[in-house]
Amino acid sequence: MSAAVEVTDLRFGYGDRPVVDVSRCELEQGASLAVIGPSGCGKTTFLHLLAGLLEPGSGSIRLMGQDLSELSGAALDRFRGRHIGLVFQQFHLMRALNVRANLQLAAKLARCKLESDELDGLCRRLGLDGLEHHKPSMLSQGQAQRVAIARALVHRPPIIMADEPTSSLDDNNAKQVIGLLKETAAAADAALLVVTHDQRVRGLLDTELELKAPA
Amino acid sequence: MTWLRLAFANLGLSPLTSAVNVLLMTLGTASIVLLLLAGSQVSDTMSRDARGVDLVLGAKGSPVQLVLAAVYHADVPPGNIPLAAAERWAGDPRIARAVPLSLGDSYRGFRIVGTSAEIKEIYGAELVSGRAWAQTMEAVVGSAVAEAADLEVGTQFAGAHGLGDGGHIHDYRPYRVVGVLEPTGSVVDRLILTSLDSVWDLHSGDHSHDHEEHDDSHGDDAHDHEDRGHSDGENAHGHEGHDHSKVDEAHDHQDLDHSQDSDVHGHEEHDHSHGDEDRAHSHDEADKQRAHERSRSEITAMLLTYRSPMAAATLPRQVNADSDLQAAAPAVEVSRVLQLIGIGLDGLEAFAWVLIVTAGLSVFAALYGSLHSRRRDLATLRCLGATRSELLISLLLEGLLLSVIGVALGFAAGHVAMEILGGWLESARGVALTGWVWLPVETVLLLGLFAVGVIAAAIPAVQAYRTDPARTLSEN
């Protein structure tokens with residue numbers, strides 16, 4: 001069985017300026033990986049490459065056995081929606097929609113049928129009971145983060161990617177969020193990849209990949 | 001969750017802007033719809049009412065006024081004409097049908113028209129109850145008159161001088177309804193038809209008080225009035241101020257002379273005969289007198305129908321050149337009136353289109369302006385699996401939604417306004433317009449206005465299509 005994430009000789013840059021240089025990275029289904037490095041080392045760019053939002057200069061990225069270079073346009077968008085659950089540092093919830101509609105929208109974009117009781121169960125698990133009809137502007141930071149995690153899980157993706165999920169949290173909350181991500185990913189048997197510059201995450205995930213700013 | 005719901009929700013983010021966009025679209029659409037409905041129905045009504053009338057003979061003056069008065073019953077006539085002069089042209093071999101009209105009185109705002117039975121042929125009007133008039137003071141009423149004035153066969157009513165409110169009421173000599181016409185959708189629905197004799201008789205019997213110019217000599221009447229003056233010169237349809245005292249009163253009129261040749265602006269329907277009165281003279285003498293008076297009587301106008309369209313080339317010119325009458329062709333005058341109305345309507349329509357364009361620009365500005373604040377939302381949608389095309393459709397849907405709501409409200413408002421305006425016009429002017437019709441051109445307009453919203457959203461939608469999620473999400 002192939003790895004959930006498999007990266008080989010990945011290079012990316014803007015013009016002559018190299019930004020990402022990763023020779024090898026693998027992440028198995030159900031495992032977790034912390035991509036760590038200082039600001040400006042290309043962590044977010046690496047995540048965007050893995051999500052198919054950027055096209056590599058060279059090398060290959062395979063997600064669930066699918067070489068992303070073989071996909072383009074709408075097919076790549078649909079693959080991303082179906083196979084990846086993304087958690088953003090600033091959550092990026094749809095301001096116009098309430099919590100429930102945000103989760104339904106993610107399921108729709110993933111072309112995933114979502115039963116109502118399934119949605120209720122997910123909200124219950126993430127402590128979002130009673131918040132389903134709240135707009136994002138009515139949520140606290142912690143509640144919004146849990147909605148963002150629920151949105152990444154709602155279509156049961158095999159890969160979950162989180163971008164700086166703990167950067168604005170205190171130690172206790174940072175630990176709680178990483179714990180929640182690990183727990184929910186494990187429950188869904190999903191591979192978890194966390195991109196962070198937060199040294200507090202060290203040791204909390206199964207493996208680590210340290211990026212250095214390319215010379 | 002659908003794209004439509006997302007579009008709705010996004011519009012709700014800026015409720016005031018969305019409301020203004022919808023309002024602009026509503027106002028523009030309602031204006032255009034109202035103008036379309038009014039223009040189309042006025043044009044149809046005018047054409048329908050003029051159908052069957054090729055030429056109108058009347059007094060010299062404005063041909064538009066003559067046609068408006070004699071065909072549409074919407075204006076005062078320019079004056080009266082001698083019946084004999086009109087009959088000369090009515091007997092022309094080029095004429096298939098001639099219908100005389102004598103106007104002057106009304107009942108509750110509906111014109112009483114002295115005429116001949118052929119008028120029903122012009123409008124294809126059939127009796128729905130009762131019969132045609134057979135004697136003087138019998139009347140057949142149009143469907144709208146019957147309904148509005150609550151008239152039915154057997155009902156009696158008294159006409160009033162003039163065509164507006166406030167005229168003297170002939171309550172001493174009422175009309176009796178003997179027939180009601182079925183609805184035709186034409187002007188005849190709003191008319192009260194009677195014989196020429198009824199109108200003439202009514203106005204010939206009692207000009208006893210304030211008539212100054214007419215010298216109605218009834219040498220054989222048992223009245224003792226002398227040298228009655230009929231001051232009808234003030235308007236062509238009025239006879240306001242006449243006192244039509246009962247014709248069978250035991251007055252002792254003498255030396256009444258019904259010559260009206262000096263009053264082309266006044267008497268439209270004076271016969272001044274007293275044929276149905278209880279007179280002391282023999283019927284033969286009365287009949288002779290009636291024939292004599294009638295030959296000198298005046299009418300307001302005569303509606304002519306050609307035997308062949310070829311007559312249009314020669315007859316009007318001939319009438320205008322060889323007689324003291326005026327010949328006006330309704331088709332020509334209607335088109336002139338519609339042209340005049342059209343200039344006004346074109347101006348209003350241009351203004352309405354300015355509103356629509358403004359609404360379109362407003363939709364564009366609103367969507368384009370919102371792109372900046374929504375660019376992260378759009379990038380997030382791409383990350384969640386939305387394709388570029390779906391983002392494009394999402395933005396187009398927002399523009400379409402604004403225009404659909406605005407256009408739907410505009411169509412509703414336009415039709416309701418037309419219905420309200422139509423109701424008012426019908427009661428005030430007798431012009432029947434309705435908002436409960438759908439013109440074929442409205443379907444085209446509907447689709448066109450929907451397109452305005454889509455076009456207005458096109459540029460913002462293309463911008464959304466080009467959203468680079470990686471770059472957008474990397475921005476601080």
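The values are calculated or read from the model by the stated rules, or taken from the named source; none is laboratory data. Small disclaimer: the values here were computed from a predicted structure and weren't measured. Note that each Cβ is placed from the backbone with ideal geometry, even for glycine, and that neighbours are counted across all protein chains shown. SASA here: full protein model, heavy atoms, side chains in, ligands and nucleic acids out. Shrake-Rupley method; radii C 1.70, N 1.55, O 1.52, S 1.80 Å.
When you look at A:Ser69, is it farther than 22 Å from A:Ala34 by Cβ, open to solvent by 20 Å² or more (accessible area, probe 1.4 Å), part of a helix (DSSP H, G or I) and more than 9 Å from every other protein chain (Cβ to nearest Cβ), yes or no?
So A:Ser69 passes the test.
Residue-by-condition table, conditions (1) over 14 Å from B:Leu191 (Cα atoms); (2) surrounded by fewer than 17 Cβ atoms within 10 Å (Cβ to Cβ); (3) of a type outside the set (A, V, I, L, M):
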| position | (1), (2), (3) |
| --- | --- |
| B:Val76 | yes, no, no |
| B:Asn80 | yes, no, yes |
| B:Arg97 | yes, no, yes |
| B:Pro100 | yes, no, yes |
| B:Arg108 | no, yes, yes |
| B:Ile112 | no, no, no |
| B:Thr115 | no, no, yes |
| B:Lys120 | no, no, yes |
| B:Leu127 | no, yes, no |
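Specify the residue that is nearest to the other protein chains (Cβ to nearest Cβ); the eligible residues are those in the stretch B:348-365 that are open to solvent by less than 70 Å² (accessible area, probe 1.4 Å) and within 17 Å of B:Ile459 (Cα to Cα).
Among those that are open to solvent by less than 70 Å² (accessible area, probe 1.4 Å) and within 17 Å of B:Ile459 (Cα to Cα), it is B:Val363.
So, of the residues in the stretch B:15-38 that are surrounded by fewer than 19 Cβ atoms within 10 Å (Cβ to Cβ) and not hydrophobic (A, V, I, L, M, F, W, C), which turns out to be farthest from the chain's Cα centre (by Cα)?
This residue is B:Pro15.
Report whether or not A:Lys135 is within 14 Å of chain B (Cβ to nearest Cβ), more than 22 Å from A:Gly65 (Cα to Cα) and in contact (Cβ under 8 Å) with a residue 40 or more places away in the chain.
yes
For the stretch B:138-167, give me each residue that is in contact (Cβ under 8 Å) with a residue 24 or more places away in the chain, out of contact with any strand residue (DSSP E or B) (no Cβ under 7 Å at 6 or more places or on another chain) and under 17 Å from B:Glu182 (Cβ atoms).
Scanning the stretch B:138-167 gives B:Ala144, B:Ala148.
In the stretch A:47-60, what residues are crowded, with 22+ Cβ neighbours inside 10 Å and more than 11 Å from every other protein chain (Cβ to nearest Cβ)?
Residue satisfying the conditions is A:Leu50 alone.
Has the stretch B:457-464 got any residue that is in contact (Cβ under 8 Å) with a residue 24 or more places away in the chain, under 48 Å from the mean Cα position of the chain (by Cα) and surrounded by fewer than 18 Cβ atoms within 10 Å (Cβ to Cβ)?
yes
Which residue, of A:Asp171, A:Asp189, is of a type in the set (D, E, K, R) and within 15 Å of the chain's Cα centre (by Cα)?
The match here is A:Asp189.
Among what's in the stretch A:86-112 and is more than 9 Å from every other protein chain (Cβ to nearest Cβ) and buried (at least 21 other Cβ atoms within 10 Å of the Cβ), pick the residue that is farthest from A:Leu128 (Cα to Cα).
Once the filter is applied, the top-ranked residue is A:Val87.
With the stretch B:1-104 as the region, which helices (runs of 4 or more DSSP H) entirely inside it contain at least 1 residues that are within 14 Å of chain A (Cβ to nearest Cβ)?
Counting at least 1 such residues, we get B:3-11, B:15-50.
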